Structures are given as structure tokens and as C-alpha cells.
1. Suppose the Debye formula is applied to equal point scatterers at every Cα of region 3-98; what is log10 I(q)/I(0) at q = 0.12, 0.19, 0.24 Å⁻¹?
2. Ranked by Cβ crowding within 10 angstrom, fewest neighbours first, how are 16, 64 ordered?
3. Using a simple charge model, +1 on the beta-carbon of Lys and Arg, -1 on the beta-carbon of Asp and Glu, nothing else, what dipole does region 5-96 show about its Cα centre, in debye to the nearest 20?
4. Loop sites only, by DSSP: take the trypsin sites (Lys or Arg not before Pro) in the chain that have at most 11 other C-beta atoms within 10 Å and name the longest stretch containing none of them.
5. With each label point set 7 Å from Cα along the Cα-Cβ vector, what nm distance links residue 57 and residue 72?
6. Go ahead and estimate [θ] at 222 nm for the chain from helices alone: -39,500 (n - 2.57) per DSSP H run with n ≥ 4, summed, over the residue count, rounded to 500.
Amino acid sequence: MRSCVPLLFDSDHYDTITFRSNRVEQTGPDSARISGTLTAKGHSASESFDVKLTSWNGRSIGFTVSGKILRSHYAMDVGTPIYSNVVQFDMMVQGERN
């Protein structure tokens, strides 16, 4: 059976989703809310995500990013309502200074 991910996100034609932040609001000693513009399939919308710092030592940083987006805001609503319009995600991001 073929995966439904390429169909839902049309990843065969649009292999990149970008997020450009324009505001970071600290919500706690190691957490923040980041807002900006998410672009997918040539459609852009304002989104906000929760960020939690998980590690920091001056040379490397780790954090998690979590949130939800609606596929329909980005013309990715094929299969709705069989497949949920809501995409929920949790990402772990690691960075290191060279």
C-alpha cells in the first residue's frame, strides 16, 4: 500500500515547507512562543508554536518545537474529513556552533 503522506502534502511537487519567525515571546525560564509565517505549497499563513529549551552549553543548543496547523490553510485538504485537517507535530532540534 502506498503511503498517503505524498498525497496529503503533495510532497512530490512541493518538497519544502518554510517558517520565518517574526516574534519570540518568552513564556517561562526555558520556554517561549514563536510566531511567524509558514509557507507550504505556495500558500502562507501566520502560525505560532511552543518552544522549550532542553539543553544549552554555550556551544550547542537543543529545544523542542510543538504545535498544530490546519492543512486547509495551505491547500492540502485532500482527503478531508477522512484524514484530519489538523496536523500536530513535535520536533526536536539540535544545533552546534562551529
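Read-outs throughout are calculated quantities, based only on the coordinates presented, and are distinct from any laboratory measurement. Small disclaimer: the values here were computed from a predicted structure and weren't measured. All Cβ positions, even for glycine, are placed from backbone atoms using ideal geometry, and neighbour counts span all protein chains on display.
1. -0.47, -0.98, -1.25
2. Working: 16 8, 64 15.
Result, fewest neighbours first: 16, 64.
3. Working: 8 positive and 10 negative charges, 45 e Å.
My answer is approximately 220 debye.
4. With trypsin sites (Lys or Arg not before Pro) excluded where exposed in loops, the chain gives 3-58 as its longest stretch.
5. 4.7 nm
6. Details: 1 runs with 5 residues, N = 98.
That calculation yields -1000 deg cm²/dmol at 222 nm.
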